[in-house]
Structures are given as structure tokens and as C-alpha cells.
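Inspection log for the structure reproduced underneath, given as C-alpha cells.
The values are calculated or read from the model by the stated rules, or taken from the named source; none is laboratory data. This structure is a prediction, so every number in the text was calculated from the model and none was measured. Heads up, the Cβs are rebuilt from the backbone with ideal geometry, glycines too, and the neighbour counts pull from every protein chain shown. Note: areas computed on protein heavy atoms with side chains; ligands, DNA, RNA excluded. Shrake-Rupley method; radii C 1.70, N 1.55, O 1.52, S 1.80 Å.
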Amino acid sequence: MSFSLYYFLELTAIFIILGWTLYWVYRIGQLNNAPIAVMAVSAYLCGYALLNWGWPLILAFVFGAGCGILFAFIPALALGRAPAFAMVICTIALIFIMQTVFRNLPWFGGSLGMFGIPKVKKLLLITYCFVGFFGILIYRFDHSRLGRAAEMIFVDRDIASTLGINIYLFSVCLQVMTGTMGAVAGMLYVFTIRTIVPTYFGFAFLLSITTFIFVGGYTTMWGVVVFTPLLWGLTVILPESITALRNIIFGILLMVTLLLRSEGVIDKRFLRKINIGSKLVFMKIFSLFQKIKDVRG
Amino acid sequence: MEVFTAQLINAIALGSIYALLVIGFNLLLVVGGIFPFAYSHIVVLSMYMCWIVLRITGDNLILGILAGILSGTALSLITEPIFRPLAKRGAVLSSFIVAMAISMIITDIMSKRIHGGVVISFPLTLQGKEALITFGIATITAGHIATIAGSIIAGIGFFYLLYRTRQGRAFRAMGQSPFAARLLGIPIVKTSIFAYMIAGFLGGISSILLAMSLGSASAVLGDNLALKVMAVALFAGLGNIGGGLVAAMVLGLAEGMALAYLPGEWYQAISFGMIMVIIMIKPKGLFGAMA
Amino acid sequence: MVRNNILKIENLHVSYGPVRALRGISLEVYEGEIVVLIGANGAGKTSLVESILGITPAESGRIIFMGEDITQKKTEHIVASGICLIPEGRGILPLMSVMENLQLGAHHYKGDISEDLNIIYKSFPVLKERTKQMAGTLSGGEQQILSIARGLMSRPKLMMMDEPSLGLAPVLVKELFEIIVNLNKAGYTILLSEQNARKALQCGHRGYVFETGNIVLSGKSGDLEKDIRVQHAYIGSAL
Amino acid sequence: MKAFKILCVILTILFFGAFLCFAGSGKEEEKASAPAVEKEEAPAPAEDDVYVDEWVIPGINIITGVAAYHGMLNEFGVDLALEEINSAGGIRGKTVRVRWYDEAIQDAARAIAAMSSALDMEPLVIMGPCGDYTKAAMPMAVEEGVYCLSTLTGTDVCKEFQPWTLCFTSEFEPQTLVATDKWVELNPGMKKIVHFINTQSSVWPAIAKAEDKGLHKLGIETVSIDVPNDAVNFGPFAVKALAEKPDGFVFTNHPNGMAKIIIELNKRGWKDNNRMLLSQAALDPTLWSVGEGYLEGVYAWTWYNPVSDNPSWQKLSKRHEETFGVPASFMMVWKGYDELYLIKRAFEDLKITGDPAKLTEERIAIRDYLNNCRDFDGIFGKVDFIDGIRQNPTFLFKIEDNYIANTTILETVY
């Protein structure tokens, strides 16, 4: 397939996974950007294992993921009870700290970065396997007992604790789980780019993910899935004459969407309408089949 | 000893820059009911406006300063109708993202449409060519005195406004409970417009003081300041106006000293690390919120 | 003697989205009267009080205050023209001092308010002691007094109280109603919406009974007290 | 509902299956070197007809973001070159056009999107990425086998992706040795020097290391002070430097920081501007804009001569002055101009037809031709390319009334 389609699909998948990490922790009202810092840790360690120790791909992948998860514990344990805004600034601080750390550690190639990450065959298939896997995980979570507990915490933390939900533990588990997703996304990102530089996992990355999730809708998992390809695709196919206006178009789009629907385009009400609508359509088709069978029968 | 005093002066100047910006930030947060991430970008854009007028009128300082203050107020007022529906719904998080969108637009305008995107610098008459007082390598320039004095005057004036005047009481009432404020007959829309105007006016003055002390402005200055001011506000406790001033000075001193005495490449990690540790220990900020 | 009409509501309809809170309410309040509104929770008492003040917009019908139609006017103008509301749950500002709460009461009046403050401090000495204290540190009773005093600061022609006795100890409730009666004697017209029907009807002149958004019964408070339906519904049968 | 549970189980098994095949794919042995190893003779196509009716060359440029003025100046230089070439009959009789793609600044995803769209045009050559994130976009081009003129991203990055990229900056080490020797010679008696560096950039730390080596060879002690990108107030750096009681300063950080620190030093009593040396990236319009009135007598070294009397440079500089009011000096202004003329010369000498059938063949011909192109008549006159690296002389000059004066050309042995 053409280059731009291949890389478009690849990056959309990675943005969707990271969008979900924001969505999943926001289910209990906390805005967490730590997965981007975890991305840096897992990407660097996986790259280091591949290039310096010459490990096979799968071993380096697991090693990177493992280190990412272990690292994800540090902010999770500390930020379990932090309110939304405190967590935002803490995790942005963590991103800048990890950038400085990897820039100054001697083994990671400093600000010049690491080169020559090998190309992985069928990377696109693997990425979408992970997207599907994490998607199912979140879907099952949303419709499970845990999902309802998360909803309770989002609505009112005090009443949730009276019902015996351990909010701190819930938050730590969610943060570590999204840290894992961040670790996987980080390594997939590095396999796409095949070089690592400390500033890859920085502010520009954060800005685009926040835009995708807040325009798409941060109260349902489908908002990111629908709007990441739309918005990212928009910036790729912008005609040459107005590429210079990209930031302004993005800014205005973001502003208009949030003013009209403050919870993003696909929020809970929108989903309910779709569910009801799709059931009706399904019923009609089903009854149509019945009629045809009766007529023929 | 000179070195320490010189670094101290720099740190205080940095602290007063943050203090100037955090006052307007907290006012918009408390009264406007929004998270004004784009406030620093509005201040930097007014610096650009002041620079444009200076260039057109051939460095006529009075017109330049007027332009800076007017554009700060006007820009802040323009954003009021954009944020009003969000403030009414109490959607603070969405206002944070809308503010981020506005900051994207402002940064794009500054990085391309004005002076071709190149860093602009202010005429020496505004900056003061020579340092006013020098002893050894420590110097105090007109810019330093202006920003420090400006932040002190703005701080005191702001406290007087909030705690001694009728309008100030209305601001604080709206901040604490908009419903009670309505019952008392406080005109919600008029008061929030007035709050935006004061924040904009203060932003305009800060833009002039910044022009005097920094001497130049670039498109990326908006983002740098916005992150630092957000950190200061959170560090002190969101909306806590008194705490904000103290936190601005503390962070300015800490950053100034870190810049001076710590190895350069670790400076960013240390300043952000400090903010992270404080917020982890006291999530509501050092002084608690909404005093 | 004919007392002039302070407040006249004609066929007022108010709804919150699909929920119709008031279904065509009509009532009058005359000068120097205490008019009592009784009814179950959610019967529309609070919606009426809020729509008079312009907080919730009226769909149809008219509200006439001192002969002037204030249905579409903004809350700040209505308060300035002389209506004050002591809301359910008192609505004081906990992080501001008692003095500041009182000063806020007279927000619309630009002139000197020190004279009004003295009157308030004379009639409510407890507020004078705590004037510098944060309002949040006052007890329930004191907060209620502060709320009423703040209402007085706006020199109202009509005082509206929404369930002032809520959450007060019985001895304080008695004291509260004495204050209400004294205020009335001092010339203030009061519109009192109350759960405690017995006490309210005792000190009120006329009353209206609310049920799911419309008035089912109205008349002198004496007659209402004796009415069997009112007793069963709100006072608890005397049998 | 039950059906849905089964569906979930099947899907999960499927994914783990795919996960295993991921393990099987293993590391693909593919070094950055070209698939065709042996160097075959550049094929001279028989017929002289040109397949395309217009040459469209994709260009990856910084169009949005905080460094947008780099991209704008790059386009300024390319537009002049296009005008000249097209008015002189274009390349092999066909007009030339450049299709710009935006790589923004410090945004790897954008760089990839730009490069992938450029590669989709099946181009013969790409006027390559010019930002910090060339390294994010290059692996794709190397794998596809398209020559990229990512000329200003430093020799280290260029060596990583050789032979598929060209580099205008030559080896820094020999240049800095010659430059620092000359500078110390002009300012005798310097014992201790403060060196302002920026560890966040990917190019400047290498230059700083080379400069330190040069100074240490001359027995001069150097103290490094790191100036971060997001510094708002530059007073602390000047004070920290003066506290070391140095005899001179070397600046290898962002031009905005250079100018600001020089102002702070002058305000704090440092008068001897001759003892300041600006590194090669200094001639950014920011330096002239911010440093106006304070740069008198400061030395700077670069690998191109911004006051050369070459007619094409004079033409560019004059037009730059008409548009921006300041004579040209920034490398981004002329880099596109030279890149386009390089492409023109390669296309004409190799008789490139643009025929899709001969695409791979012609791409390799262009690569080999440009990697070792001899005495190319660029904007500054004759210059050679050896293994994709341009062999520049070193220029040391002094700044007088806010522009460049009395340049000395230093012969550099590579």
C-alpha cells in the first residue's frame, strides 16, 4: 500500500491507544499524561536492548514493556489521590523530567539519539492486534462491575468510598494498566520511526493526543476511535496552499467543538441514541427476513 | 558575595514576572470560572502589539505603552464571550482545552504573521541601554526595578481591590458561589466582563514590564510562560490569590538559584521535579484553594 | 383600609426542560402582610420564589411588583427594585467575614451603608460580636440570622424566605418566627415558604397551599389551619 | 449476550496468535547501505527526450510551528532559484516546480507524514527535511532508495544515513580547530574561557566538543555553561560566567540566547567584545534583531561567506534586503537555492528522463553523482562534495555596525 496510507494507519493506531490511556484514567475523573513518560522509558530500554545487547525482537519488546510497567508504578503510587489538575501538571512535569534524564544518561546517545532500530515485518498487523486487544479490554471493563464502580467514583468520590470502593487502589491499578498501554504504544512508535530522540515523547505529541480525545469525546471510548483518523487524516491531506494555516484550523475546530458539545462529539447521550437506533434498524431487517421466509415457506 | 546578590536580583526579577502573570491568572480562574491557559499568550501578543506600534510611530514610547495596555485589555475581553457558555456550565476542564486552542492560534499568528516570525526586540529607550546601579557584576536595570515595583504595586492594588472595595467583594462572592452572588443582585455577566477587563488591563501592564525587563519576545515565550504560570498557580493552590503571589516569588527564587548554581542540563528536571514533589505531598497546593 | 398591592402573579408557567414546575399560578401579596406558602417538597414553592427573582425564566404569565411588570427583568434589577430572597440553606458566603456578607447584601446600593449596619448590629447583637469572623465559623442559628440581616441590608419592600426553619433546633425555630413577626411589625412585607405549616400559619395572615405546581387552596391562615385537608396533609391530625 | 462473549474469546485468541507471529518475524538484516552494493557505471539513456512535461520535486520544510521563519526563508531562496532556472529554460527544456510538505518543529509524527506523502509522488530526489527530526523521516527514504538533500542537519546524522543524503556542513572538528586557532591568535593572552552550550539541540553539542578540544590543545581552560531552550531570563547565565573570571567567551547555543547573554555581559561591565566568538549557527536574523547595538567587535566563524562577492549571492542578498530590510546572512536563505542548482546540474549531466520505468536506475545515478560532485558552481562559487559532505573553507569575521566585516578565509584540511 502507499507510504502515506501505511504510516497514516500506523500512527492512527498509536494515537488511538494513547487516547484510550487518557480516556481510561479519566473514567475516575483524573487526567493522566504519565503514559507518555512511560512511552519514553519502554522505547529507550527496548531500543537499547536491541542495539547494544543484540537481543531478538520479542525479548526486547517484553523487556521494554516490563521496564515501562515497573516505571509506571512510581507516579501511580504517588498520584493515587491527586485531584485532576494536580495530576495534569505532575505528569507533564514527569514527561519533561524523563526527557532530561534520557538526554543526559551516557548510554542513550544524548540529544543526537539512537539510530538503526531494525524494521519489523507486518508491524501494521501487530499494531492493530494491540489496538483490538486493548479495545476489548476497555470495552469489557466499561461493561463490567469495575466499570460501574469507576462511574460511581467519577460522579462522587465520597459516596463511592462509602460503598467500599478503594479509590486509591482503583486509581493505581488504572494508572499501571494505562502505563502498560503507553509502554506498548511507545515501542510500536519507535518501530515506526526506527530512531529514538528524547524530544519525540514531548509537548507536540501531548498536544495532538489531547486534541483528538477532547474533540472526539472523553467520556466514551469510541470518540477517539472515530476522530483520531478524521483529525489526523485532515492534517495529512490538507492541500498545499493552506498547510500554513494548519494550526489555526485545528485551533478553531477544537474551540467550536468544545463550545457546542462540551463533552466532545461522541458522548454518552450520543451513544445511547445510536444504540437505540441500531437496535431499531436491526429489528426491521430481522422482521424483513421473517417476512421473506414466511412468503417462501 | 557579589555573585550571590546578582543572582538574587535575577531571581527576584523572574519571581516578579511570574507574580504579575499569576494575579491575572487567578482572577480569571476565581471570577471567570475558567482555566485561563491562554493568559500568558495574550500578554506576549500584547508585547507584539506594543512592538508594532513602536515601529510604526518611530519608537514613540507613550503610544507604544498605550498600545500594549489597550491590546491586552481588548484581547482578554474578546475571549470573554468564548468562555461564557463554558463558565455557565461550570465545564472548567473544557475551558482548559479551549484556552489551549486559543494559545495554539496566538502562537501561530506570532510565529508567522508578525515580523516574519523572527524574534522581536524592543528599542533601547524602553529597555534602558545602561544599567542604573552596578556594583561589581551585579546590576540593577530599569527593567528589573520596573517589574519588581510593578508586581508589588499590582499585588497591593489587587489586594486592596479584592478586600476593600465593593467590586472586589462581588468578585470573591462570584468565585465562591455564583448562585448566592445572583441572589445578592450581583450582575453575573457584567461582573465577569469587568473581571476580564481588569485581568486584561493587568496583562497589558505586565506586557510592558516584560518588554522592559526581557527586552525581546518570541513566539515560544508564550508557551514557556504559560507552563510556568500554571505550575505556580497549582503550586500555591488554584485560585488562591495571596498564595499565588508568594508561590510566584518562591518558584522564581528557586528557579533563579537553580539556573545559577546547578549544572545546566539538569535545571529543567530539577525545577519540574520540585513542582511535582510539592503537588504530590499537598495536592490542593501549598496554601489550599480559593482563600 | 385598602392596603396597596405589592406583588401580583397572573397565570405563571415555569418549567425546567421537560419538567413543568409551575402550572399557572396566580397570587397576590399586600403591604404589611405575611403570606405563607405551604406544600410538600418539590410542589413548586422554590420554583415560584426563584422565578419571581428572575433566576429561572418564566415561560408565560406575568409577575407585577409595585405595579411594574418584572417578568423579563434581570435578577440584579429585581433585587435593586426591592425584593430580597433568603434562600433555602441560607446561601451565605462561608469564606468571607460577617461584615463582608452584610456589605454584599447592599451591593446594589452605591451610597453609605454604615447607618444600615448600625441598625442591624443593634437589632442582632450576636452579629456585632462576630463581625470580623469568617461566616463559615458561625453556628446554624447565627448563620440564619446573618442571612436574614443580609436580606434587610438591601432595604427590601418584599422579603422572601425559602424554608428558613430548615435544620434549626426547635428552640431556635421559635426564636426565628419571633424575628419574622417583629420584622412584620416593623413594616416589612414577608412571603414565607415553609415546611413547618403549623408555626407558619400561626404567625402568617394569609396562606396558599401548593401541590405539584398549582395552588389547591388559599385563604386566611386561621381558616386554613382549621381545614381538615390541610391538617391531614401538613400539620398532622389533631385527633 | 452469550454470542458476544464467545466472539470476545475468539478475537483474543486471534490476537495472541498474531502476537506470536510477531515473534517469528525476527530482525530483518537491513543495514542502511544500499541494496545494490557494486558501483555500476551511470547509465547514459540513449534517447534525449524527457518523459515528464514538468519536473515536480517534493520539498520537506518547516512551514508551521514556532520556527516557521526558517521555512519561510528557505522558500524565499528556492523561489529565487526557480525564477532563474525557469526563465533560463528550466531543466532539459521543462519547467521546475517544488511541492512543499510541512514537517513542523519537534513533531516526529508530522515529519513522517510529510516524508510519506513526498515518497508517494515517486520522486527522483527530495529536497530533504531540514528540521531537528530529519532522523525520524530518513529511514523511510533510505529503505525506498530516494536521495534526500537534508543538507543542514549536521555530519553525524548525515553519516548515519549515508549514502542517501547530502550534507552542506563539513566535518566540524577540522573547522573549529582552524577557527579557534585564528581567534586565539587575534586575542593573545587568554587563559580561561567560558563556553555557552545547549545540550538540547542535536547538532550543537558535537560542535561544542570540537571547539573545546581546539581550545584545550592551545592550553586554554574551558568552563561549560548550558543554556536551555526555554530560559526566559538570561541574567543568571551572564553572572555565572563572570563569576568564573574568564578571559573570553565562546557561544554555541541558540542565537537568541547568544545576543541576550552578550547584552547582559555588556551591562555588567564586560567591554572587550573581541574576546567573544560566535559559533557557526549564529547568523540567524534573531541575532541581528535582538543583538542590535551590542555586537560591535564580536568574532564569529562559519563555513560559508555571507559577504561573498559572488554575483548570485549579491543578487539574493539584495532581494533579501528589499524584502526584509536586512542583508541576507542566514544559512536557511541560500540552502534551497544551492540544492535546486545541484539537482539541475545532476539532471542535465545524467540526462535524467523521469521515465517511471527507469526510476530506480536514475535514482541511484543521481545519488552517486551528487555524492561526489566536483567543483559545483554554487551561490558562493566553486565547491566540491566528497562522499556526500561539502568541503567548505572556514571563515572568521568580525561584526561591525550590526553586520559582517573584514572576513578572513582560513584554509581547512579535511
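Which whole-Hz ³J(HN,Hα) couplings does segment A:181-187 yield from phi under the Karplus relation 6.51 cos²θ - 1.76 cosθ + 1.60, θ = phi - 60°, glycine and proline marked x?
Calculated HN-Hα couplings, in order: 4, x, 4, 4, 4, x, 5 Hz.
Is the shape of segment D:205-267 best called rounded, prolate or oblate, per the rule: a/c under 1.5 gives rounded, else a/b larger than b/c gives prolate, else oblate, with a ≥ b ≥ c the square roots of the Cα gyration tensor eigenvalues?
Oblate shape, in that a/c is at least 1.5 and b/c is the bigger or equal ratio.
Take every residue in peptide B:193-205, count the Cβ atoms of other chains within 10 Å of its Cβ, and give the average of those counts. Working shown, then result.
Details: counts 0, 0, 0, 0, 0, 0, 0, 0, 0, 0, 0, 0, 0.
Mean shielding count: 0.
Please name the residues of segment A:85-120 whose accessible area, counted over protein heavy atoms with a 1.4 angstrom probe, falls by no less than 50 Å² between the chain alone and the full protein assembly.
Checking the loss per residue gives A:PHE85, A:ILE89, A:CYS90, A:PHE96, A:ILE97, A:THR100, A:ARG103, A:ASN104, A:SER111, A:LEU112, A:PHE115, A:LYS119.
Estimate the FRET efficiency between A:ASP294 and A:GLU151 by the formula 1/(1 + (r/R0)^6), using the beta-carbon distance for r and 56 Å for R0, to the nearest 0.05.
0.80
Taking the Cα centre as origin and putting +1 on Lys and Arg beta-carbons and -1 on Asp and Glu beta-carbons, what dipole magnitude results for chain A, to the nearest 20 debye?
Using Cβ point charges on Lys, Arg, Asp and Glu, chain A gives about 900 debye.
Suppose every Lys and Arg Cβ carries +1 and every Asp and Glu Cβ carries -1, with no other charges. What dipole size does segment C:1-70 come out with about its Cα centre, to the nearest 20 debye? Present the calculation step by step, with values, prior to reporting the outcome.
Numbers: 6 positive and 8 negative charges, 50 e Å.
Result for segment C:1-70 is approximately 240 debye, rounded to the nearest 20.
Short version: which residues of segment B:4-28 lose at least 20 Å² of accessible area, all chains versus chain alone, 1.4 Å probe?
The answer is B:GLN7, B:ASN10, B:LEU14 - residues whose exposure falls by at least 20 Å² when every protein chain is included.
What does the C-alpha gyration tensor say about the overall shape of chain D? Classify as rounded when a/c is under 1.5, otherwise prolate if a/b is larger than b/c, or oblate.
Oblate, since a/c reaches 1.5 and b/c is not below a/b.
Just going by the charge dipole of the protein assembly as shown, with Lys and Arg at +1 and Asp and Glu at -1 on Cβ, which of B:HIS41, B:ASN26, C:SER218 is farthest out on the positive end?
Checked the options; the winner is C:SER218.
Between segment D:218-240 and segment D:97-128, how many Å separate their Cα centres?
36
Taking the dipole about the Cα centre of chain A, with the C-beta of Lys and Arg at +1 and of Asp and Glu at -1, give me whichever of A:MET1, A:PHE15, A:THR178 is farthest to the positive side.
With unit charges placed on the Cβ atoms, the residue in question is A:MET1.
Go through segment B:18-33 residue by residue and turn each phi into a ³J(HN,Hα) via Karplus (6.51, -1.76, 1.60, θ = phi - 60°); whole Hz please, and just put x for glycine and proline.
4, 4, 4, 6, 6, 5, x, 4, 5, 4, 5, 5, 6, 7, x, x
For segment B:248-274 and segment C:1-80, compute the distance between their C-alpha centroids and round to whole Å.
Cα centres, segment B:248-274 to segment C:1-80: 60 Å.
Please find the FRET efficiency linking D:ASP309 to D:ARG97, where r is the Cβ-Cβ separation and R0 is fixed at 35 Å, and quote it to the nearest 0.05.
With R0 = 35 Å, the Cβ-Cβ based efficiency is 0.65.
Using a 1.4 Å probe and ignoring any ligands, DNA or RNA, find the accessible area of A:MET283 and quote it in Å² to the nearest 10.
Counting only protein heavy atoms, the figure is 120 Å².
List the relative contact order of segment B:2-220 as a percent without decimals, with contacts defined as Cα pairs under 8 Å and 6+ residues apart.
Here the relative contact order equals 39 percent.
Taking all protein chains in place and a 1.4 Å probe, what share, in percent, of the accessible surface of chain D do carbon and sulfur account for?
Reported share for carbon and sulfur atoms: 57 percent.
Where in segment D:131-149 does the label zone of A:TYR6 land, with the point 7 angstrom along Cα→C-beta and an amide N cut-off under 19 Å?
Counting backbone N atoms under 19 Å from the label point, the list is D:135-148.
Give me the percent of the accessible area of segment B:2-220 that comes from carbon and sulfur atoms, probe 1.4 Å, all protein chains in place. Mind showing how you got there, number by number?
Numbers: 5200 of 7030 Å².
Carbon plus sulfur share of accessible area: 74 percent.
Put simply, what bits of segment A:240-264 lose 30 Å² or more of accessible area when the other protein chains are there, versus the chain on its own (1.4 Å probe)?
A:GLU240, A:THR243, A:ALA244, A:ARG246, A:ASN247, A:ILE248, A:GLY251, A:LEU254, A:MET255, A:LEU258, A:LEU259, A:SER262
Got a sec? Which residues in segment C:84-119 would a label at C:GLU31 touch, if it sits 7 Å along Cα→Cβ and we count backbone N under 18 Å?
Answer for segment C:84-119: C:84.
Pick out, in residue order, every one of the trypsin sites (Lys or Arg not before Pro) in segment D:246-347 that is DSSP loop and has at most 10 other C-beta atoms within 10 Å; say none if there are none.
D:LYS271
Dipole magnitude of segment B:2-220 about its Cα centre, charges +1 at Lys/Arg Cβ and -1 at Asp/Glu Cβ only, in debye to the nearest 20?
Numbers: 13 positive and 5 negative charges, 188 e Å.
That gives a dipole near 900 debye.
Strictly over 31 Å apart at the Cα level, which of C:LYS74/C:LYS122; C:LYS45/C:LYS157; B:LYS112/D:LYS335; D:LYS135/D:LYS358; A:LYS122/D:LYS159; A:LYS122/D:LYS209 would you flag in this model?
C:LYS74/C:LYS122; A:LYS122/D:LYS209
So, in nm, how far is label B:PHE159 from label D:LYS213 when the simple model puts each one 7 Å beyond its Cα toward the Cβ?
If labels sit at B:PHE159 and D:LYS213, their model points lie 5.8 nm apart.
Would you mind giving the total buried accessible surface between chains B and D, with a 1.4 Å probe and ligands, DNA and RNA left out, rounded to the nearest 100 Å²?
Buried surface at the B/D interface: approximately 3100 Å².
Where a Cα-Cα gap under 23 Å defines reach, which lysines qualify for A:LYS291, not counting those fewer than 8 residues away within the same chain?
A:LYS279
Using a 1.4 Å probe and counting only protein heavy atoms, how much accessible surface gets buried when D and A come together, both sides summed, in Å² to the nearest 100?
The D and A chains share an interface burying roughly 4500 Å².
Output the 0 to 90 degree angle, nearest 10, between the alpha-carbon long axis of helix A:34-52 and the longest principal axis computed from the alpha carbons of chain A.
50
Relative contact order for segment C:83-239 using alpha-carbon pairs under 8 Å, separation at least 6, rounded to a whole percent?
23
So, taking all protein chains as they sit and a 1.4 Å probe, how much accessible area belongs to C:SER165, in Å² rounded to tens?
20
Gain in length, B:THR5 to B:ARG166, computed as 0.36 nm per residue apart minus the alpha-carbon separation, to one decimal in nm?
Numbers: separation 161, 0.36 × 161 = 57.96 nm, distance 4.16 nm.
Full extension of this stretch gives 53.8 nm more.
Go through segment A:233-241 residue by residue and turn each phi into a ³J(HN,Hα) via Karplus (6.51, -1.76, 1.60, θ = phi - 60°); whole Hz please, and just put x for glycine and proline.
Result, ordered by residue: x, 4, 5, 6, 9, 4, x, 4, 5 Hz.
With axes computed from alpha carbons, what is the tilt in degrees of helix A:246-260 against the longest principal axis of chain A, rounded to the nearest 10 within 0 to 90?
40
Leaving ligands, DNA and RNA out of it, rank C:HIS205, D:HIS195, C:HIS13 by accessible area with a 1.4 Å probe, largest first.
C:HIS205, C:HIS13, D:HIS195
Taking loop as defined by DSSP and a crowding limit of 16 other beta carbons within 10 Å, which chymotrypsin sites (Phe, Trp or Tyr not before Pro) in segment A:40-105 fit?
In loop regions of segment A:40-105 (DSSP not H, G, I, E or B), the sparsely surrounded chymotrypsin sites (Phe, Trp or Tyr not before Pro) are A:TRP53.
Take the alpha carbon gyration tensor of the protein assembly as shown, find the square roots of its eigenvalues, order them as a ≥ b ≥ c, and report rounded if a/c is under 1.5; if not, report prolate when a/b exceeds b/c, else oblate.
Note, shape of the protein assembly as shown comes out prolate.
With every protein chain left in place, what is the accessible area per residue of segment C:1-93 in square angstrom, probe 1.4 Å? Let's see the in-between values first.
Working: 3860 Å² over 93 residues.
Ligands and nucleic acids excluded, the figure is 41 Å² per residue.
Tell me which of D:ASN74, D:MET140, D:PRO205 sits at the most positive position along the dipole axis of chain D, charges placed on C-beta atoms (Lys, Arg +1; Asp, Glu -1).
Checked the options; the winner is D:PRO205.
Between helix B:188-214 and chain B, what is the angle of the helix's C-alpha long axis to the longest principal axis, kept within 0 to 90° and rounded to the nearest 10?
In chain B, helix B:188-214 runs at an angle near 10 degrees to the longest axis.
Please report, in Å, the Rg and the Dmax of segment A:3-201, where both are computed over Cα atoms only.
Radius of gyration, then largest Cα-Cα span, for segment A:3-201: 17.3, 54 Å.
What lysines could a cross-link reach from A:LYS268, if we take a straight Cα to Cα line under 16 Å and drop same-chain neighbours fewer than 8 places away?
Those lysines meeting the cut-off do not exist here.
Using a 1.4 Å probe, what is the accessible area per residue for chain A, in Å²?
Dividing the accessible area of chain A by its residue count gives 39 Å².
Can you list the lysines whose alpha carbon is less than 20 Å from that of C:LYS174, not counting same-chain residues fewer than 8 positions off?
Candidates past the 8-residue exclusion: C:LYS185, C:LYS199.
What is the average number of partner chain Cβ atoms found within 10 Å of a Cβ in D:57-66? Walk me through the numbers before you get to the answer.
Values: counts 0, 0, 0, 0, 1, 0, 6, 12, 10, 12.
Whole-number average of other-chain Cβ neighbours for D:57-66 is 4.
Using a 1.4 Å probe, how large is the accessible area of C:ARG23, given in Å² and rounded to the nearest 10?
Counting only protein heavy atoms, the figure is 100 Å².
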